[in-house]
Amino acid sequence: MSVDQETVRRIARLARIAVSDDDVPHLQGELNAILAFVEQLGEVDVTDVEPMTSVTPMAMKMREDGITDGDRPTDIVANAPASDDGFFLVPKVVE
Amino acid sequence: MNAPVDHKKLIKGATGDWEVVIGMEIHAQVTSKAKLFSGAATAFGAEPNAHVSLVDAAMPGMLPVINRECVRQAVRTGLGLKAQINLRSVFDRKNYFYPDLPQGYQISQYKFPIVGEGEVIVDMADGTQIQVGIERLHLEQDAGKSIHDLHPSQSFVDLNRSGVALMEIVSKPDLRSSEEAKAYVTKLRTILRYLGTCDGDMEKGNLRADVNVSVRRPGDPLGTRCEIKNVNSIRFIGQAIEHEARRQIGIIEDGGTIDQETRLFDPGKGETRSMRSKEEAHDYRYFPDPDLLPLEFTQDFVDELATHLPELPDEKKERFIAEYGLSVYDAGVLIAERESADFFERIAKGRDGKAAANWVINELFGRLNKEGLGIEDSPVSADQLGGIVDLIGEGVISGKIAKDLFEIVWSEGGDPRAIVDERGMKQVTDTGAIEKAVDEVIAANAEKVEQVKEKPSMLGWFVGQVMKSTGGKANPQAVNAMLKDKLGIE
């Protein structure tokens, strides 16, 4: 598997990373090197093997349905570049 | 999916008939105190960002811990939809960027949802029933809310909804008209409200629908569909489908093809329009969320929830028909809201079920609708209405007086029996008094007496006159019998 330059631009756009045209060939080379490395795993037969998403042999912990957090809007927006009256402010986005 | 085509449901185009095919994704907010993965409150109407934990705001290093009650609610809902419950399911990340999604992904379930295939029976207005297949139900997080009209160049973001648990309930493409789609959402909402797993409040956005619409010639394979996002009232769902189906038919009949796309319904204009900006976002790059282990529970956990499931609308309807002798229609009206069904049943217990149903549906609902009130706001309690039904049953008051009594109880309150006593509303059952009134009416209307012998249907006029002269208090059956006797009508 390898990626073309268009795919590199697309991945960058989906990840909201600004990539200049000059950077694309270099990134394409790096990505393809990584993909080639990972491709070696294709040699292993994984028929009927479920994807492993965790190494801990335990059931997921659950919480009870109680209100234990909240009521601190000033903390929540403390790091925001812009806020007003408890709201986050962001550049206007409208459909 | 390929049920026989019902020609009544087809839409007429310029070049022939078209069948519309609809599938729905309903987002239902789970009824819980806290959010799906955090301890922040879910309650509506808080100050901006007051119901937000550092998990919901996606601060670095915060980890989600699932709320057991949300899991229970999803399982209960699955049971209510007669659906397959999956003892093991997996949470995935659905990746996209939007300012009200601080994580940059929504935690959802993709390949392995908590609930699989089920079924909903939907009653149509004409008395027919349709079966709508449920494809799946999965748990996911809601996003925050962006407000665009507070500032000329900035959007305001409130994360109070961020992380609230939603159930996405996906139907199969089994619906064939806007009427069926509206009836399906109505029924699903009723089931959720009975279960207590979602309050179904569409005005607050606690239940909203994405509607998939395509059209085809009857018998053809499925056409290309468009998805109408976030329609938030049952009426709009109907309008959006009607508009979208006709738009697609118009394009195809003009020789064009349908682009699969996401569209938005504009209630002001009554039309759908393209949301081009969403196109690229459709590459969600799902993958299992490494912060969450698979969701696993035992069959005992499911069975325990099943044991405590309330009586569901379909069962209640059957029981009302069998136990109280109600018509299918009346039973359907009464069970539409659990509160109405309970109200009816408090009256019907130990009384004539049909009479109780008549009073609840015709008098009480009629009056509540007129005043724009819900059953929970009814100024007439079940006990009071039961008292009125008792008084009619015992022959103490006539049906006509009962309506006056209902008005008094509605506006002034009080014990119906005491009101009847105090205000002299008792029905006259004294034959002597009725006979006197009957004789007077006959004596005063010699001409009509001749006519009624030719035309017995005029009897009603005589009954009316007697009722009038007795102030509505004469027993109508007694009046009727006596008039027939005296006028010599069979």
Odd one out for B:Asp303 among (1) without any contact (Cβ under 8 Å) to a residue 24 or more places away in the chain; (2) more than 28 Å from the chain's Cα centre (by Cα): (2)
For B:Pro290, the lone unmet condition from (1) assigned by TED's automatic domain parsing to the domain that holds B:Thr77; (2) in contact (Cβ under 8 Å) with a residue 12 or more places away in the chain is (2)
Note on B:Gly23: of the conditions (1) within 30 Å of the chain's Cα centre (by Cα); (2) open to solvent by 30 Å² or more (accessible area, probe 1.4 Å), unmet is (2)
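Determine, yes or no, whether B:Met167 is in the same structural domain as B:Ala50 (by TED's automatic domain parsing) and closer than 28 Å to B:Ser32 by Cβ.
When the stated conditions are applied, B:Met167 passes them.
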Being surrounded by 15 or more Cβ atoms within 10 Å (Cβ to Cβ), basic (Lys, Arg) and out of contact with any strand residue (DSSP E or B) (no Cβ under 6 Å at 6 or more places or on another chain) is the filter here; which residues of the stretch B:448-490 pass it? B:Lys448, B:Lys484, B:Lys486
Select from the stretch A:60-81 the residues that are at the interface with chain B (Cβ under 7 Å from one of its Cβ atoms) and loosely packed, with under 12 Cβ neighbours inside 10 Å and write down the one among them that is farthest from B:Leu150 (Cα to Cα). A:Lys61
Residue tally, condition in a strand (DSSP E or B), within 7 Å of another protein chain (Cβ to nearest Cβ) and touching a residue at least 12 places away in the same chain (Cβ under 8 Å), over the stretch B:40-88: 3
Given the options B:Phe91, B:Phe97, B:Phe37, name the one that is of a type in the set (Phe, Trp, Tyr) and surrounded by fewer than 19 Cβ atoms within 10 Å (Cβ to Cβ). B:Phe97
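Okay, residues lined up against (1) in contact with a Leu (Cβ under 7 Å, 6 or more places away or on another chain); (2) basic (Lys, Arg); (3) assigned to a helix (DSSP H, G or I):
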{"position": "A:Arg10", "(1), (2), (3)": "no, yes, yes"}
{"position": "A:Arg16", "(1), (2), (3)": "no, yes, no"}
{"position": "A:Ile34", "(1), (2), (3)": "no, no, yes"}
{"position": "A:Val55", "(1), (2), (3)": "no, no, no"}
{"position": "A:Met60", "(1), (2), (3)": "yes, no, no"}
Does at least one position in the stretch B:143-157 carry a residue that is in a loop (DSSP other than H, G, I, E, B), in contact with a strand residue (DSSP E or B) (Cβ under 6 Å, 6 or more places away or on another chain) and open to solvent by 20 Å² or more (accessible area, probe 1.4 Å)? yes
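Here is a yes/no grid of residues against (1) touching a Leu at 6+ places or on another chain (Cβ under 8 Å); (2) within 21 Å of B:Asn358 (Cβ to Cβ); (3) not assigned by TED's automatic domain parsing to the domain that holds B:Asn369:
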| site | (1), (2), (3) |
| --- | --- |
| B:Gly393 | no, yes, no |
| B:Gly399 | no, yes, no |
| B:Asp404 | no, yes, no |
| B:Glu407 | no, yes, no |
| B:Glu412 | no, no, no |
| B:Pro416 | yes, yes, no |
| B:Glu435 | no, no, yes |
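The values are calculated or read from the model by the stated rules, or taken from the named source; none is laboratory data. Because the structure is predicted, anything quoted here is derived from the model rather than measured. FYI the Cβ positions are ideal-geometry reconstructions off the backbone, even for glycines, and counts take in every protein chain you see. These accessible areas exclude ligands, DNA and RNA; they are computed on the full protein's heavy atoms, side chains included. Shrake-Rupley method; radii C 1.70, N 1.55, O 1.52, S 1.80 Å.
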